[in-house]
Amino acid sequence: YVPKPTRPVTHDELIRFVKAADDAGESSLGTAAMIAYYWLQREEDITGRLSWSHYRPDDAPDVARIFHHKTRQLVDIPLYDEDETVLWPELMARLDAAPRYGTLIITRDRLDRRRKVHLPWKLDYFRHRVADIRAAAGIDFSAKFMGLRHGGNTEGGDAGLTDAQSRALS
C-alpha cells in the first residue's frame with residue numbers, strides 16, 4: 001500500500017466550497033472547512049470535539065482554545081494581531097453570527113426528523129455531504145477535506161510562518 005499525497009486545497013477552492021455549502025443550506029460544512037483551513041484542525045476534531053466553550057472562552061475571549069487530540073496539546077490561538085487586527089475576519093464573523101444548537105460548534109444544519117434537535121455530524125455522512133458540496137462548487141474529486149488543512153499549512157508557509165509556528169497551529 002502506497003498512500004497518495006494529499007492535494008492542498010487552494011484559498012479560491014475554499015471560498016467556492018463555502019459558497020456552495022451556504023447555497024445548499026448547510027453552512028456548518030462551510031464553517032468546518034474554514035476551521036480546517038485557517039486553524040488547521042482535523043476533521044474528527046472539528047466534528048466531534050470543537051465546542052463553543054473553545055471559541056472565545058470566558059477566561060480568554062481573544063482566543064480560540066484548540067485541543068489537538070492526536071498530540072493531547074491545548075493551544076490558544078489568538079484571534080487578533082498585536083495591533084488588534086482581526087486575524088480571521090470571515091471565520092469569526094461566521095462563528096459570531098452562527099446559531100448555537102448545542103455544545104459543539106459544528107452540528108447538522110437541519111433538525112433530525114425524529115428527535116427534533118440538531119445532531120452532531122457522523123463522519124461518514126459528513127464526508128458524503130462534503131463530496132456533494134465539493135462537486136456543486138466545481139472542485140475536482142482529488143480535493144479531499146484533509147486537503148483544506150494542507151492548503152492552510154501551505155498558505156501559512158507562503159505567508160512566512162516558521163515551522164515552529166505551523167507545528168503549534170497544526
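The values are calculated or read from the model by the stated rules, or taken from the named source; none is laboratory data. None of these values were measured; they are calculated from a predicted model. Note: ideal-geometry Cβ built from the backbone for every residue, glycine included; neighbour counts use all protein chains shown. Areas reflect the complete protein model, heavy atoms only, side chains present, ligands, DNA and RNA absent. Shrake-Rupley method; radii C 1.70, N 1.55, O 1.52, S 1.80 Å.
Points worth noting:
- Residue in segment 152-164 that is at pLDDT 90 or above and part of a loop (DSSP other than H, G, I, E, B) present: no
Listed here are the residues, each with its yes/no results for (1) free of Cβ contacts under 8 Å to residues at least 60 places away in the same chain; (2) of a type in the set (Phe, Trp, Tyr); (3) closer than 19 Å to ARG108 by Cβ.
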{"residue": "THR6", "(1), (2), (3)": "no, no, no"}
{"residue": "ARG16", "(1), (2), (3)": "no, no, no"}
{"residue": "ALA24", "(1), (2), (3)": "no, no, yes"}
{"residue": "SER28", "(1), (2), (3)": "no, no, yes"}
{"residue": "ALA36", "(1), (2), (3)": "no, no, yes"}
{"residue": "SER53", "(1), (2), (3)": "yes, no, no"}
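- Residues of segment 7-17 that are more than 16 Å from ASN153 (Cα to Cα) and either of a type in the set (Phe, Trp, Tyr) or open to solvent by less than 10 Å² (accessible area, probe 1.4 Å) (or both): PHE17 alone.
- Near pairs, Cβ below 9 angstrom, 6+ apart or cross-chain, from segment 131-143 (in a loop (DSSP other than H, G, I, E, B)) to any residue that is open to solvent by less than 20 Å² (accessible area, probe 1.4 Å) and among the aromatic types (Phe, Trp, Tyr): ALA137/PHE17; ILE139/PHE17; ALA143/PHE17
- Residue check for TYR80: surrounded by fewer than 18 Cβ atoms within 10 Å (Cβ to Cβ), in contact with a Leu (Cβ under 8 Å, 6 or more places away or on another chain), of a type outside the set (S, T, N, Q) and without any contact (Cβ under 8 Å) to a residue 40 or more places away in the chain: yes
- Filtering segment 18-73 to residues that are part of a helix (DSSP H, G or I), farther than 17 Å from PRO99 by Cβ and either open to solvent by 70 Å² or more (accessible area, probe 1.4 Å) or among the small types (Gly, Ala, Ser) (or both) leaves LYS19, ALA20, ASP23, ALA33, ALA36, GLU44, GLY48.
- Extreme residue, nearest to GLY25 (Cα to Cα), among residues of segment 96-114 that are open to solvent by 100 Å² or more (accessible area, probe 1.4 Å) and not hydroxyl-bearing (Ser, Thr, Tyr): ARG110
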